[in-house]
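Contents: one structure, followed by commentary.
The values are calculated or read from the model by the stated rules, or taken from the named source; none is laboratory data. All values reported here derive from a predicted model rather than from experimental measurement. Because the Cβ atoms are built from the backbone with ideal geometry, glycine has one as well, and the counts that use them run over all protein chains shown. These area figures cover heavy atoms from the full protein model, side chains too; ligands, DNA and RNA do not enter into them. Shrake-Rupley method; radii C 1.70, N 1.55, O 1.52, S 1.80 Å.
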Amino acid sequence: MEWLLAWGATNLVGFLFQEVILKLAQSALEDYVKDFFKASIKDLVGLAKEKPLTVAFGKGIKEFLVLVQGELEDADTNEAEIKEYEDSLNQFLQNKLVLATLGQPFNQALGNSSATDSQFFDTRLLAKIWNDLNLQRLPDKFNWEKVGKRYSRKVEAILRESKEL
């Protein structure tokens, strides 16, 4: 419950993916944090235990899920249908490459991008992984690119709000 409070995931009215966040908060967070920040932070073993990184991880995942829910709503998906995506999102967020991709905007916002790094948040990779995992089909109107642009802005806000990061 402590992590849910720190992530701001306990008081979201209308947030339908509360169970997805709850499962993450109850799982091996240290491993998730390492995978999430894999590209941006070299000493992950020690830093994954640091509270600021765990808070940033949770806030990032929460914002991603809020944006996915919003995109599903924009695609005229009703609340009951949106809830049906819970299992798919749980599976999706278990994928290490998904977590590393969701960590890309943190890397860029922290100024850790090198010339070889992707210069954008790779939403095409997220879409490919979703399809490769044979997860529940997303609506035709679902726009990964829009989710990615908004997510990148949310990440910048998360980092601005964190004095430690």
Margin query: Students often get this wrong, so check it: of 23/149; 23/62; 51/146; 96/128, which have C-alpha atoms separated by over 22 Å?
Written below: 23/149; 51/146
Margin query: Could you compute how much accessible surface residue 74 exposes when probed at 1.4 Å, giving the result in Å² to the nearest 10?
Written below: 90 Å²
Notebook entry, point to check: How far is the Cα center of segment 49-102 from the Cα center of segment 143-158, in Å?
Noted result: 12 Å
Note to self: For the pair residue 76/residue 22, report the inter-label distance in nm, with labels modelled 7 Å from Cα in the Cβ direction.
What the structure shows: 3.2 nm
Notebook entry, point to check: When ranked by the protection proxy of mean other Cβ atoms within 10 Å per residue, highest first, what sequence do the peptides 75-81, 85-91 form?
Noted result: 85-91, 75-81
Checklist line | Accessible area of residue 145 in the full protein assembly, 1.4 Å probe (Å², nearest 10) | finding: 110 Å²
